[in-house]
Amino acid sequence: MIDAIERFLDDEISSQEMYEAIYNFITSFHIRNGEFEGNRYIIKKMDQINFIIFPEDIYPNTGDREIPYCTSIYKNTLITRIIEYAKTQGIKVIDMGE
């Protein structure tokens, strides 16, 4: 069974531009909390180290919004997972100075 983070990565880390936008949102010190709206998933930044990721399905005919599941994840774990996934997709990753 594929986990919520894997589903998120499959749907959202689809191009260099999306990878960079998500990475920059997660690592930005200027954004203390807020939301990043991807193609299907929302990344909710609770503070500098805690994130909640969930898919959001909106039904235009009714205006209903459905969130079928969510997961919480720490910043460093999320960054690691995003970088590892991006590499497997041939996306040039941002140098973290390592």
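The values are calculated or read from the model by the stated rules, or taken from the named source; none is laboratory data. A quick note: this is a predicted structure, and the numbers were derived from the prediction, not measured. Using ideal geometry, Cβ is built from the backbone for each residue, glycine included, and neighbour counts are taken over all protein chains shown. Just so you know, the surface numbers come from the protein's heavy atoms only, side chains and all, with ligands and any DNA or RNA stripped out. Shrake-Rupley method; radii C 1.70, N 1.55, O 1.52, S 1.80 Å.
Listing for the model above:
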{"item": "Amide H contacts under 5 Å for residue 14, placed H, 5+ residues apart", "result": "19"}
{"item": "Cα-based helix-to-principal-axis angle, 75-88 vs the chain, degrees rounded to 10", "result": "80 degrees"}
{"item": "Region 1-56: relative contact order in percent, alpha carbon pairs under 8 Å with at least 6 residues between", "result": "29 percent"}
{"item": "Whole-number accessible area per residue in Å² for the chain, which is evaluated in the context of all protein chains at 1.4 Å", "result": "64 Å²"}
{"item": "Table column - 3J(HN,Hα) (Hz), region 39-47, Karplus curve with 6.51, -1.76, 1.60, x for Gly and Pro", "result": "5, 10, 9, 10, 9, 9, 8, 7, 6"}
{"item": "Bins of 5 Å from zero: percent of alpha-carbon pairs in region 1-47", "result": "5, 21, 30, 25, 15, 5, 1, 0"}
{"item": "Ellipticity estimate at 222 nm from DSSP helix runs (n ≥ 4, -39,500 (n - 2.57)) divided over the chain, nearest 500", "result": "-11000 deg cm²/dmol"}
{"item": "Percent RCO, i.e. relative contact order, over the chain, from Cα pairs under 8 Å lying at least 6 residues apart", "result": "25 percent"}
{"item": "Rounded percent of accessible protein surface that carbon and sulfur make up, the chain, 1.4 Å probe", "result": "49 percent"}
{"item": "Hydrodynamic radius of the chain per Kirkwood, over alpha carbon pairs, in Å", "result": "14.0 Å"}
{"item": "Förster radius 30 Å - calculated FRET efficiency between residue 20 and residue 59 (Cβ-Cβ, nearest 0.05)", "result": "0.45"}
{"item": "Stretch gain in nm, segment residue 83-residue 50, where the contour uses 0.36 nm per residue and the Cα spacing is subtracted", "result": "10.1 nm"}
{"item": "Within a Gaussian network of the chain (alpha carbon springs, distance under 10 Å), most fluctuating of 44, 75, 87", "result": "87"}
{"item": "Potential lengthening between residue 74 and residue 94 on full extension [0.36 nm per residue; Cα-Cα distance subtracted]", "result": "5.3 nm"}
{"item": "Helix 16-27 vs. the chain, principal-axis angle (Cα, 0 to 90°, nearest 10)", "result": "90 degrees"}
{"item": "Filtered chymotrypsin sites (Phe, Trp or Tyr not before Pro), region 1-45: DSSP coil and at most 14 other beta carbons within 10 Å", "result": "29"}
{"item": "Top of 40, 65, 81 by mean-square fluctuation, Gaussian network on the chain, Cα under 10 Å", "result": "65"}
{"item": "All aspartates and glutamates inside 19 Å of residue 45 as judged from Cα atoms, apart from same-chain residues fewer than 8 positions distant", "result": "6, 11, 12, 20, 35, 37, 56"}
{"item": "Additional length obtainable on full extension of the chain from residue 30 to residue 67, 0.36 nm per residue less Cα span", "result": "10.6 nm"}
